[in-house]
Structures are given as structure tokens and as C-alpha cells.
Amino acid sequence: MKKCAVVKIDHIKIVEIICDKCGKKITPEDTLEWQEVVSWQTVGGYGSVWGDGETVGFDLCQNCAYETFKKSIRILGRQKMDFICENLDSEHYICLCDGEKCRGSSCPIAEIIEEE
């Protein structure tokens, strides 16, 4: 369950997520827990077990998601991160942290650079 607060008249921001299983309250300040929340929502179609046209969903903390799905989840391996270091000169692919080409020791995009 997401708990919302009106920040501006035209802007609604999620300020808290409450796990629908254990009731744990998670806020954006708790970065590690916040980014691991599992949220799911769908609308049941014709003949759905959820009910025709019914919107259903859940929000689970990472521990409850693990306990709920651990027997049926597939581990697909690590996802290749498709991000760019903020210190990267993207035109020349040079890590500006050390002024050298990134060799994997100081830049989070080392794998991407090495593969290109």
C-alpha cells in the first residue's frame, strides 16, 4: 500500500510505502529498502480470476517478496546495467575520475567501456 501526501496542488508524491503483508513502513529516506520494494498492479480481463475489470495490486517489502515468491521465482542472472558514470566524457569514453581510460577500478561503467 502506498501512502501519499499532496506536495503541491498539482503534484502528488509517494512519501511512504506500507508492505501489504507485514505492515512495514518504508520511506524514500531508507534508500536500500525503498529501491527493493516489489509493487504489482493489473486489471483483470474478461474471465479473470481477479474479476472482470477489477484493479488489483500489492506492495511488498523485499523480505516479504522473497518469502512469498522464493519457490517460484527464477533467478535470471545479473542485468547488465545500462547507465553512464556522471564523470564520463561520453564522446571519447574516458573516465574523468582519474583522467585515464577506465580500467574497472574506479568507474561504475567499466564493463560497458571494456565491451565497446
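Coordinate-derived values only; no laboratory data. In this text the structure is predicted, and so the values were computed from the model without any measurement. FYI the Cβ positions are ideal-geometry reconstructions off the backbone, even for glycines, and counts take in every protein chain you see.
Each of the peptides 38-46, 22-30, 69-77 was scored by the mean count of other Cβ atoms within 10 Å over its residues; in descending order, highest first, they stand as 22-30, 38-46, 69-77. Between Val49 and Lys13, residue separation times 0.36 nm minus the direct Cα-Cα distance comes to 9.8 nm. Residues whose amide H falls under 5 Å from that of Glu16, counting only those 5 or more places apart or on a different chain, are Lys3, with hydrogens built in the peptide plane.
I want the local charge near Ile18. Using Cβ-Cβ distances under 11 Å, sum +1 for each Lys or Arg and -1 for each Asp or Glu among the other residues. Summing Lys/Arg as +1 and Asp/Glu as -1 gives +2. Distance between the pseudo-spin-label points of Lys2 and Leu76 (7 Å out from Cα toward the beta carbon): 2.2 nm.
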